[in-house]
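Novice: For reference, the structure I am asking about is given below.
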Amino acid sequence: MSEDQPNDLKPPAARTAGVRTAREVLARYYQAMLDKSADDLADLYAEDAVHEFPFVSPGFPPRFEGRAAVRAGYRAAWGASPVQVTEVRRTAAHETVDPEVIVAEHVVVGTLPGGAAFEVPGLLVLRVSGGLLTRVRDYMDSAAVAGARG
């Protein structure tokens with residue numbers, strides 16, 4: 001790819017820390033959730049990133065290792081899910097003494113087929129290095145996830 005190509009068309013490794021801060025990555029993460037885009041989400045990850053789910057959540061393994069696993073895992077989970085996410089309510093984003101780490105609180109709001117509404121609270125701990133996610137700890141309210149799935 002040429003250097004004059006827009007940044008969003010470059011592969012993830014071509015993006016630099018100066019392009020995306022932890023807050024910027026968090027905003028793109030939430031947009032990928034709204035769009036249910038496994039590709040947009042996976043493009044935020046470093047090749048060898050780790051995404052962990054410390055709380056057991058239906059439909060998710062304890063962890064994804066690597067960008068390809070994130071892409072495949074979210075394609076499967078979001079592709080099989082009948083829910084429509086309508087909003088990611090961002091309740092707080094906490095910067096830490098480490099500029100690569102941000103802690104974000106949110107509530108995922110959506111609807112099930114038939115129109116029933118749901119809310120799933122969660123917390124993300126993101127580590128961003130070189131403009132890409134290197135480690136994610138994703139704490140979802142597993143009871144709310146189960147309820148949202150019917």
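Novice: List every residue pair whose Cβ atoms sit under 8 Å apart, with the two residues 6 or more apart in sequence or on different chains, where the first one lies in segment 79-94 and is touching a residue at least 60 places away in the same chain (Cβ under 8 Å) and surrounded by 12 or more Cβ atoms within 10 Å (Cβ to Cβ) and the second, anywhere, is among the charged types (D, E, K, R) and assigned to a helix (DSSP H, G or I).
Specialist: Ala93/Arg23
Novice: I've got another one for you. For Ala68, which of the numbered conditions (1) farther than 17 Å from Leu41 by Cβ; (2) free of Cβ contacts under 8 Å to residues at least 60 places away in the same chain; (3) loosely packed, with under 15 Cβ neighbours inside 10 Å; (4) touching a helix residue (DSSP H, G or I) at 6+ places or on another chain (Cβ under 8 Å) fails to hold?
Specialist: If we test Ala68 against (1) farther than 17 Å from Leu41 by Cβ; (2) free of Cβ contacts under 8 Å to residues at least 60 places away in the same chain; (3) loosely packed, with under 15 Cβ neighbours inside 10 Å; (4) touching a helix residue (DSSP H, G or I) at 6+ places or on another chain (Cβ under 8 Å), just (1) comes out false.
Novice: Give me a count of the residues in segment 124-150 that are at pLDDT 95 or above, among the aliphatic types (A, V, I, L, M) and surrounded by 18 or more Cβ atoms within 10 Å (Cβ to Cβ).
Specialist: Looking only at that region, the number is 6.
Novice: Further, regarding this structure: Can you tell me how many residues in segment 21-48 are outside any helix (DSSP H, G or I) and not hydrophobic (A, V, I, L, M, F, W, C)?
Specialist: Summing the residues that are outside any helix (DSSP H, G or I) and not hydrophobic (A, V, I, L, M, F, W, C) in segment 21-48 gives 7.
Novice: Within segment 91-150, which strands (runs of 3 or more DSSP E) (wholly inside it) include 1 or more residues that are on the phi < 0 side of the Ramachandran plot and aromatic (Phe, Trp, Tyr)? Steps first, answer last, please.
Specialist: Values: elements: 101-111, 117-129, 132-140.
Qualifying strands (runs of 3 or more DSSP E): 117-129, 132-140.
Novice: Among the listed residues Arg67, Arg28, Arg71, Arg89, which satisfies the condition of being within 17 Å of Arg137 (Cα to Cα) and in contact with a strand residue (DSSP E or B) (Cβ under 8 Å, 6 or more places away or on another chain)?
Specialist: Values: Arg28 fails: in contact with a strand residue (DSSP E or B) (Cβ under 8 Å, 6 or more places away or on another chain); Arg71 fails: in contact with a strand residue (DSSP E or B) (Cβ under 8 Å, 6 or more places away or on another chain); Arg89 fails: within 17 Å of Arg137 (Cα to Cα).
The unique qualifying residue is Arg67.
Novice: Another one. Does segment 54-61 contain any residue that is touching a helix residue (DSSP H, G or I) at 6+ places or on another chain (Cβ under 9 Å) and on the phi > 0 side of the Ramachandran plot?
Specialist: First, pick out the residues of segment 54-61 that are touching a helix residue (DSSP H, G or I) at 6+ places or on another chain (Cβ under 9 Å): 55-61.
Filter once more, so that each one left must be on the phi > 0 side of the Ramachandran plot: 59.
Taking every residue of segment 54-61 in turn, at least one turns out to be touching a helix residue (DSSP H, G or I) at 6+ places or on another chain (Cβ under 9 Å) and on the phi > 0 side of the Ramachandran plot.
The values are calculated or read from the model by the stated rules, or taken from the named source; none is laboratory data. Note that this is a predicted model, so its numbers are computed, not measured. Positions of Cβ are backbone-derived with ideal geometry, glycine not excepted, and every protein chain shown enters the neighbour counts.
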